[in-house]
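Asks: Here it is: the structure, laid out below.
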Amino acid sequence: MKMPILVTIFLAAQMAWTESPGSILMVVTSHDRIDEETRTGLWLEEFAVPYALFREAGYAVTVASPLGGKAPIDPRSHEGHSAG
């Protein structure tokens, strides 16, 4: 399982500044289409794995998107495709 680089860097920085868990802001996409025929969005595993790890470690996690509201989920992430 790959953890997105930005999230990994943020977690490492957070751990360096404090000995106890704090808060994490995860910013996710609002983009739902590549073109008229191709849907896209958040890759479910790339979000869910770090989110679960952060919560298990005691962090308060806030999820936000540039446009607000629900983030679109890439339909291929439900179909067993690999993100890589």
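Asks: Looking only at the range 14-28, decide whether some residue is polar (S, T, N, Q), at pLDDT 60 or above and touching a His at 6+ places or on another chain (Cβ under 8 Å).
Replies: no
Asks: Determine the pairs where a residue that is more than 11 Å from Asp32 (Cα to Cα), located within the range 65-78, has a partner that is hydrophobic (A, V, I, L, M, F, W, C) and modelled with pLDDT of 90 or more with Cβ atoms under 6 Å apart, the partner being 6 or more residues away or on another chain.
Replies: Short answer, once both residue conditions are applied: Ser65/Val28; Ser65/Ala71; Ser77/Trp43; Ser77/Leu44.
Asks: Pull up the range 31-84, narrow it to residues that are among the aliphatic types (A, V, I, L, M) and part of a loop (DSSP other than H, G, I, E, B), then point me to the one that is farthest from Pro21 (Cα to Cα).
Replies: The residue in question is Ile34.
The values are calculated or read from the model by the stated rules, or taken from the named source; none is laboratory data. All of these numbers come straight from a predicted model, not from anything done at the bench. Every residue, glycine as well, gets a Cβ built from its backbone with ideal geometry; the counts of neighbours run over all protein chains shown.
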